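The structure appears right after this line, and notes come after that.
What follows draws every value from the coordinates through simple rules; no lab data is involved. Predicted model only: the values in this text are computed from it and were never measured. Note that each Cβ is placed from the backbone with ideal geometry, even for glycine, and that neighbours are counted across all protein chains shown.
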Amino acid sequence: MAPIVPRSGDAVFANVERVNAELFTLTYGAIVRQLLTDLEEVEEVNKQLDQMGYNIGIRLIDEFLAKSNVSRCVDFKETAEVIAKVGFKMFLGVSASVTNWDADGMSCSLILEDNPLVDFVELPDTCQGLYYCNVLSGVIRGALEMVSMKTEVTWVRDMLRGDDAYELKVKLLKQVSEEYPYKDDE
Amino acid sequence: MASTACFIIVSKNDIPIYEAEVGSAAKKEDAAHQHQFILHAALDIVQDLAWTTSAMFLKAVDRFNDLVVSVYVTAGHTRLMLLHDSHNEDGIKSFFQEVHELYVKILLNPLYLPGSRITSSHFDTKVRALARKYL
């Protein structure tokens, strides 16, 4: 019997271990703060956050698949829905909505109304240009790469920059077919 | 609303990190300097007084002519100081408590370095609104 696809991540979220939201927010804040001190350039910090997110994503996908009971997605549309409704709920406790599909279904926007990473945060003038939540885009990119989808994830709207929501644009570049890492005759 | 009121926040290292003239009287350049001077002079008294009581709100610690200095010392020894000519003690206390709350929010911002100048315009607007409401 095929596992039942959960409609949302609520059930999973209720069962996973959680930490205090403020502890989480302030820990992430401390990381960003330290990166800003160490790397000095805002651009470099964005890059580093993305890389950290990627490293998280390639590991997190396993945990996600193990605990969430989602079955194989038939297309990218379903993938996006699962990320928004199950993935975000499971790991961040909020769910996103998926909109702005382009004609051929290759790119869409994930919109977050609420984002626990940014509680208390206000961007000072010295940090303009910083994508504070850039770790999220890295996580999605890393996680999708592990399930053979090359994607490009960019921020479109950011509340810290005065927009009304958080919007991540996820673009599917190509689907890599699964390959064995070794040849038969080796 | 009080005709004269000057509000400053002094960090625990004795550096002013926020200043605002919140009185309704017309702004005068030399008055602002005088206000700073009076508040600065009051710091010594605050230092002595702060350890004699467990209360955070120190009422009228110092006066200069008709101007009175009230101070609120946070747990981290940041001092919120208000120079005023009104005698609305309850209002001042509420003002301090609400500004304290705002200050804690500023401190929780990971991108704010404790002890540095508060540049947030949001904070500034909120403080001025509170001053209009309570003083």
> Let a ≥ b ≥ c be the square roots of the eigenvalues of the Cα gyration tensor of chain B; is it rounded (a/c under 1.5), or, if not, prolate (a/b larger than b/c) or oblate?
Replying inline: rounded
>> Over 26 Å between Cα atoms: which of A:Lys67/A:Lys150; B:Lys12/B:Lys59; B:Lys12/B:Lys126; A:Lys89/A:Lys171; A:Lys171/B:Lys105 fall into that group?
In response: A:Lys171/B:Lys105
> Alpha carbon centre of the stretch B:59-81 versus the stretch A:16-95: separation in Å?
Replying inline: 46
> From the square roots a ≥ b ≥ c of the eigenvalues of the alpha-carbon gyration tensor of chain A, which class results: rounded (a/c under 1.5), prolate (a/b over b/c), or oblate?
Replying inline: prolate
>> Give the aspartates and glutamates reachable from A:Lys47 as a straight Cα distance under 16 Å; neighbours fewer than 8 places away on the same chain don't count.
In response: A:Asp38, A:Glu152
> Can you give the calculated 222 nm mean residue ellipticity of the protein assembly as shown, where each DSSP H run of n ≥ 4 adds -39,500 (n - 2.57) and the sum is split over every residue, rounded to the nearest 500 deg cm²/dmol?
Replying inline: -13500 deg cm²/dmol
> Helix A:134-146 versus the longest principal axis of chain A: what angle, 0 to 90°, nearest 10, using Cα atoms?
Replying inline: 10
>> Tell me which chymotrypsin sites (Phe, Trp or Tyr not before Pro) from the stretch B:17-80 have a DSSP coil assignment and no more than 13 other beta carbons within 10 Å of their own.
In response: B:Trp51
>> What value in Å³ per residue do you get for the convex hull of the alpha-carbon atoms in the protein assembly as shown?
In response: 195
